[in-house]
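Asker: Here's a structure for you.
The values are calculated or read from the model by the stated rules, or taken from the named source; none is laboratory data. From a predicted model like this one, the values you see are computed outputs, not experimental measurements. Positions of Cβ are generated from backbone atoms using ideal geometry, with glycine treated the same way; all protein chains shown enter the neighbour counts.
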Amino acid sequence: MTSLPALGPVPEGLPEALALVDGLDDALEHGLGRPDDAHLRSLTDLAGAFAGSPLAAPLSEAAGKIAAGSVTDEHLLAVAGARVALLGAVHDALASQAFARTRAPFPDTSPEVSVPSNIRSWLRELAITGWRGVDHEIAAAGARAVPGLLDDPGQRRLAVLIDGFAAELRAGAPVATLSQVPSRRWADLWSRALLMPSGEVPAEPVSGRLLLLGADLREHPTAFQVQVHGLLESGDAVRVVRVTVTAAKVDTITGPSAWRMLAGVPVLLGALAGHQSLELKGMSLTAAGDLLWQEELATPGEVADPFATARVLLGTAVATFPAPLDRHPAALAEPVLLEGYSSGDEGLDLGGVVVGVDPLPTAGPLTSELVSSSSACIGLLRWDAGGWFVRPLAVQATVRKKVVAVHTGDWALGPTEAKAAKAEAVNGAAVDVLRERAGRLLRK
C-alpha cells in the first residue's frame with residue numbers, strides 16, 4: 001500500500017521543456033554578449049515555445065536584440081521569466097503525477113519586483129559575460145552590494161540569495177579554469193534574483209492541532225537546519241504544513257551534537273523526540289504552507305504516532321501550491337507514506353518502479369540497514385536527475401524479531417542509543433564551550 005499513485009514514465013513534454021532550459025543555460029554559461037549560432041538558436045527556440053502567451057513578444061524582441069549585441073534589463077527579465085515558467089511547468093507535471101492530493105490555490109497576487117539598480121547591473125554583467133568569464137573582480141562586485149540590502153527588511157531574502165550566489169562565484173573564480181560549471185544551479189540563482197519580489201512573505205494566523213510526520217535534517221559545515229513536516233488540524237480542514245528552524249554552527253560540530261544548536265526551540269524538539277502533537281494558537285502560516293515558528297504559541301499535546309497519522313490523514317490532507325519562484329523540480333519534496341515495497345541495491349521497488357534512497361543524516365538514528373529491512377517508510381518524495389528518490393524521515397523495521405519505528409527526530413533531545421550518547425557527550429562539550437565563550441564576548 002502507498003499514499004501516492006503508481007509512478008510511470010515521465011510526463012509528456014517534460015524532456016522537451018528541460019531541453020529548452022538546457023539550451024538557455026548553455027547560452028548563459030557562454031555569455032549573452034557573444035552568442036554563437038547554437039546559442040542564438042536556443043533563444044529562438046525558447047521564444048517559439050511561448051508563442052501565443054504573454055511572453056511571446058518580449059522573448060522574440062529579446063532574442064533579436066541579443067543577436068544584435070544589445071542586452072537590456074527588460075530583455076533579461078523576459079528570458080528569466082520564461083526559464084522560471086518552464087521549470088514551473090515541469091514541477092507541476094511531476095507533482096500531478098506523483099501526489100494524489102487536493103491542493104489549495106496559491107493567492108493570485110502580483111508582488112512587486114524591485115531589485116535595486118546595482119544588483120540588476122551586476123546580474124546583467126554576469127549574463128553578458130557568461131559564467132566562463134567570471135573572475136574575482138566580477139564575483140566580488142555582488143558581495144559588495146549585500147550590506148546595503150540587509151538594511152532594508154523587505155530586501156533581506158534577496159540579500160541572502162546574492163550573498164550566497166556571489167560566494168559560490170568567488171569560490172570558483174576564475175571560472176574559466178573549472179573543468180565543470182554548475183550551469184543549472186547558477187542559472188537558477190540568477191533568474192531567481194532577477195525576479196525576487198520585495199516585502200515580507202504574506203501569512204495569516206492559524207490555530208489547531210499539529211500532528212508531526214517527521215523531520216528532514218540538513219547538515220552543512222556552517223549551519224544545521226531541521227524542517228519538520230506535519231499535518232495541521234484546524235477546524236474541519238487538515239493541511240500539509242512545514243516548520244523550518246536553522247542555527248549557525250562551526251564545522252567541528254557534527255552528528256547528534258548539532259541538535260544542541262537548536263536549544264531555543266525546546267517545545268518543538270520535545271515533540272519530535274516524544275512523538276507528541278502540538279497545540280497551536282495564533283501561529284502565522286504562509287500561503288505556501290510554512291508555519292513561522294514561535295515557541296510561545298505552541299504547547300505540547302498528546303502522544304501521536306506519526307505512522308498512524310500518515311495512514312489515516314495524509315492521503316486526504318490538503319496541500320498548497322508553492323510560491324511561483326519555488327515551483328522548480330529541484331524543490332519538489334513532499335511527505336508520502338510507502339508500504340508494501342521491496343528493498344534492493346538500487347532503492348525501494350514500488351511494484352515495478354524503483355525509487356532511490358537519499359543519503360541518511362548523521363544527526364539522526366536512521367541507518368541504511370534499517371531502511372533496507374523496513375516494511376514502511378514516511379519520507380519526502382523528490383525528483384532529481386530524471387528519476388524519483390525518497391528521503392526517509394521514519395521507518396518501521398524488524399529488529400531482533402520485533403517491529404520498531406525509528407525516526408530522524410528521535411535524537412532531538414540527545415541520542416537514545418548508549419554508544420551514540422557516549423560519543424555525543426564528548427563531542428557535545430564543544431558546543432557548550434563555544435556558547436560560553438560567545439556569551440563572554442558579548443558581555444564585554
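Asker: Does any residue in the range 67-93 that is in the same structural domain as residue 188 (by TED's automatic domain parsing) and on the phi > 0 side of the Ramachandran plot come within less than 7 Å, Cβ to Cβ, of a residue that is assigned to a helix (DSSP H, G or I) and surrounded by fewer than 19 Cβ atoms within 10 Å (Cβ to Cβ) six or more places away or on a different chain, and which pairs are these?
Answerer: none
Asker: As an exercise: evaluate residue 219 against (1) more than 27 Å from residue 88 (Cβ to Cβ); (2) crowded, with 18+ Cβ neighbours inside 10 Å and give the number of the one condition it does not meet.
Answerer: (2)
Asker: Out of 76, 86, 46, 94, report the one residue that is at pLDDT below 95, part of a helix (DSSP H, G or I) and either under 20 Å from residue 189 (Cα atoms) or within 20 Å of the chain's Cα centre (by Cα) (or both).
Answerer: 94
Asker: Right, another one. Starting from residues that are surrounded by 13 or more Cβ atoms within 10 Å (Cβ to Cβ) and small (Gly, Ala, Ser), keep the ones in the range 170-198 and report whichever is farthest from residue 280 (Cα to Cα).
Answerer: It comes out as 176.
Asker: Tell me the residue from 340, 414, 428 that is at pLDDT below 95, under 22 Å from residue 312 (Cα atoms) and more than 25 Å from the chain's Cα centre (by Cα), please.
Answerer: After applying the criteria, what remains is 340.
Asker: Then there's this: State whether one or more residues within the range 29-43 are in contact with a Phe, Trp or Tyr (Cβ under 6 Å, 6 or more places away or on another chain), among the hydrophobic types (A, V, I, L, M, F, W, C) and surrounded by 16 or more Cβ atoms within 10 Å (Cβ to Cβ).
Answerer: Looking for residues that are in contact with a Phe, Trp or Tyr (Cβ under 6 Å, 6 or more places away or on another chain), among the hydrophobic types (A, V, I, L, M, F, W, C) and surrounded by 16 or more Cβ atoms within 10 Å (Cβ to Cβ), one finds none in the range 29-43, hence no.
Asker: Sticking with this one: Under 24 Å from residue 308 (Cα atoms) and in a loop (DSSP other than H, G, I, E, B): which single residue out of 379, 364, 352 fits that description?
Answerer: Just one listed residue meets the conditions, 364.
Asker: How many residues, within the range 63-116, are of a type in the set (Ser, Thr, Tyr) and closer than 24 Å to residue 315 by Cα?
Answerer: 2
Asker: Which condition from (1) under 19 Å from residue 288 (Cα atoms); (2) free of Cβ contacts under 8 Å to residues at least 12 places away in the same chain is the one that residue 236 breaks?
Answerer: The one condition residue 236 does not meet is (1).
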